[in-house]
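Working notes, beginning with the structure itself.
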Amino acid sequence: MKTIDFISLGCSKNLVDSEMLMGLMEANGYKCTHDSDDPQGEIVVINTCGFIADAKEESINTILEFAQAKTEGRIERLYVMGCLSERYLADLEAEIPEVDGWYGKFNYRALLEDLKAPPSPPKGRDVGIHISASSSNQASLPLGEPGWARHLTTPRHYAYIKISEGCDRHCAYCAIPLITGRHQSRPMDEILDEVRQLVAGGTKEFQIIAQELTYYGIDIDGRQHIAELIDKMSDIEGVEWIRLHYAYPTHFPWELLTVIREKKNVCKYLDIALQHISDNMLTRMRRNVTKQETYELVERIRREVPGICLRTTLMVGFPGETDEDFRELLEFTRWARFDRMGAFAYSEEEGTYSAEHYEDDVPEDVKQARLDKLMRVQQNISAELEAEKVGRTMRVIIDRREGDYYVGRTEYCSPEVDPEVLIPADEAKLEIGRFYDVRMTDAEEFDLYGTTKI
């Protein structure tokens with residue numbers, strides 16, 4: 001039995017691709033490990049990210065590290081897949097000949113054939129939409145529930161569900177449409193079947209992900225079906241939490257707020273990237289939304305779903321950003337008091353509208369200074385919001401034990417990216433993947449401390 005070690009870089013959408021390929025490989029007789037600290041597999045597969053400069057650098061360095069391992073005889077074969085190779089296939093093939101095979105984002109099943117495994121799983125069937133790759137490695141990818149068991153790399157109690165691939169938005173700075181192509185929604189029944197399959201295996205919590213989840217269904221019949229999808233998903237017995245990621249502010253489907261408000265197992269949580277607030281920046285970024293509309297959007301979401309946790313992403317240093325633009329962004333951040341906020345400095349990506357039409361004219365030191373100032377504002381907001389939770393009793397799911405603490409999350413916290421709840425391990429024996437009522441006893445900027453002794 002050959003062992004394959006998978007290295008997944010980048011976002012949770014990449015992780016889902018890795019999990020599906022791992023399940024396919026295991027169905028064909030391979031043993032799979034994931035992100036091992038010291039890979040011992042005869043074969044290594046690296047699933048790369050190609051979104052921004054830092055991610056591309058990490059992907060290339062990882063490939064080079066394992067290329068060296070192959071040269072030294074520590075692994076037998078090395079394969080690369082994902083966004084970086086989808087975008088830069090020809091250059092990578094020429095520059096790193098140690099790699100045995102390169103695959104784009106949508107043709108990873110070809111790897112199975114290249115490893116001389118059977119061409120299809122021994123039982124079941126492929127289900128799902130098929131997307132043509134933009135690279136020379138064109139093939140098909142089943143995005144839906146496969147006829148083999150998906151290999152979860154997350155703790156069994158939660159999983160990511162990818163409901164679509166690609167993006168029809170054309171924000172000036174974003175390379176995602178260049179990599180993923182046009183938006184394509186998975187069939188609803190297929191998604192719901194995948195959730196049922198995971199529930200049967202013990203999964204309780206589902207992170208719903210897409211490049212742009214509010215666009216779900218548009219390519220099927222011209223209508224947004226995200227509210228219908230989440231409503232039906234919430235009716236599946238055994239689904240305890242559903243959390244929504246990566247919404248878009250333009251043409252927001254208001255009916256989704258009704259589902260979030262009325263369905264108890266749909267977390268009061270929405271991840272919606274807003275990027276900026278000044279009309280100057282929103283226009284130059286090609287976001288198709290105005291400052292006033294953005295303020296009204298935030299107000300309406302909070303009005304219709306009291307207590308909702310809003311997560312956003314903001315950008316500083318986009319070409320043409322003035323001191324006044326940045327002042328407006330700070331003012332908006334102080335007003336909105338986002339529960340969760342990530343921010344990054346603009347980096348030019350070849351092929352994007354901004355790279356071809358704008359000069360990257362904000363100096364790097366100014367970008368960094370603005371980023372630091374913005375994050376200081378958010379840190380103070382986060383500290384205040386977390387402190388307000390002290391004394392409250394909240395439902396918490398336990399993810400793991402770490403040192404002297406059990407580590408869990410409330411419905412307002414997504415795995416990996418959001419604050420966690422730390423509970424002393426010596427006060428009670430808690431079960432991983434189980435829910436507990438926890439009284440919050442203390443708070444830091446980004447984490448809470450709690451007790452099950454209520």
Subject >> Whole-angstrom Cα spans of the range 285-394 along principal axes, big to small >> reply: 51, 28, 25
**OP:** Quickly rank 97-105, 49-57 as a protection proxy: mean count of other C-beta atoms within 10 Å, highest first.
**Re:** 97-105, 49-57
**OP:** Find the accessible area per residue for the range 218-284; the probe is 1.4 Å, ligands and nucleic acids are left out, and the unit is Å².
**Re:** 39
Subject >> Neighbourhood charge, 10 Å Cβ-Cβ cut-off, centred on Ile454 and excluding it, Lys, Arg +1 and Asp, Glu -1 >> reply: +1
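How do the peptides 232-243, 407-418 rank, highest first, by the average count of neighbouring beta carbon atoms within 10 Å per residue?
On the way: 232-243: 17.8, 407-418: 20.2.
Most protected by this proxy first, the peptides run 407-418, 232-243.
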Original post:
Rg (Å, one decimal) plus Dmax (Å, integer) for the alpha carbons of the range 384-454?
Top reply: 10.8, 31
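Using only the alpha carbon atoms of the range 53-117, find the Kirkwood hydrodynamic radius as the inverse mean reciprocal pair distance, in angstroms to one decimal.
Answer for the range 53-117: a Kirkwood hydrodynamic radius of 12.2 Å.
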Subject >> √(5λ) per eigenvalue of the Cα gyration tensor, the chain, largest first, Å >> reply: 34, 29, 23
**OP:** Sequence neighbours fewer than 8 away in the same chain don't count; with that in mind, list the aspartates and glutamates whose C-alpha is under 18 Å from Lys263.
**Re:** Glu205, Glu228, Asp231, Asp235, Glu237, Glu240, Glu255, Asp271, Glu304, Glu411
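Using the Cα centre of the range 193-239 as the reference point, and only Cβ charges (+1 on K/R, -1 on D/E), how large is the resulting charge dipole? Debye, rounded to the nearest 20.
The calculation lands at about 100 debye.
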Subject >> Exceeding the 31 Å Cα-Cα cut-off - candidates Lys264/Lys389; Lys56/Lys204; Lys31/Lys453; Lys2/Lys162; Lys13/Lys70; Lys13/Lys453 >> reply: Lys56/Lys204; Lys31/Lys453; Lys13/Lys453
Subject >> Protection-proxy order for peptides 165-172, 330-337, each taking the mean of Cβ atoms within 10 Å per residue, highest first >> reply: 165-172, 330-337
Original post:
If you wrap a convex hull around the Cα atoms of the range 1-85, how much volume per residue is inside, in Å³?
Top reply: 80
Original post:
Ratio of Rg to Rh for the range 268-338, alpha carbon only, Kirkwood?
Top reply: 0.97
Subject >> Carbon + sulfur, % of accessible area of the chain - ligands and nucleic acids excluded, 1.4 Å >> reply: 46
Subject >> the range 316-442, dipole about Cα centre (Lys/Arg Cβ +1, Asp/Glu Cβ -1), debye to the nearest 20 >> reply: 1060
**OP:** Kindly give Rg over Rh for the range 335-399, based on alpha-carbon atoms, with the Kirkwood expression for the hydrodynamic radius.
**Re:** 1.18
Original post:
Which percent, to the nearest 5, of DSSP beta bridges fully inside the chain are antiparallel?
Top reply: 35
Subject >> Per residue value of the accessible surface for the range 383-454 (all protein chains in place, 1.4 Å probe), Å² >> reply: 51
Subject >> 3J(HN,Hα) from dihedral phi, the range 306-320, Karplus parametrisation 6.51/-1.76/1.60, rounded to Hz, x for glycine, proline >> reply: x, x, 5, 8, 9, 10, 9, 10, 10, 10, 10, x, 5, x, x
Subject >> Cα-centred dipole magnitude for the chain, charges only on beta-carbon of K, R (+1) and D, E (-1), debye, nearest 20 >> reply: 1560
Original post:
According to the square roots a ≥ b ≥ c of the eigenvalues of the Cα gyration tensor, what is the shape class of the range 413-454, taking rounded for a/c under 1.5, prolate for a/b larger than b/c otherwise, and oblate for the remainder?
Top reply: oblate
Original post:
Just the accessible area per residue of the range 1-108, please: how many Å² with a 1.4 Å probe?
Top reply: 39
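The values are calculated or read from the model by the stated rules, or taken from the named source; none is laboratory data. Here the structure is a predicted model, which means the values were calculated and not measured. Because the Cβ atoms are built from the backbone with ideal geometry, glycine has one as well, and the counts that use them run over all protein chains shown. When the accessible area is computed, the model is the full protein with side chains, heavy atoms only, and any ligands, DNA or RNA have been set aside. Shrake-Rupley method; radii C 1.70, N 1.55, O 1.52, S 1.80 Å.
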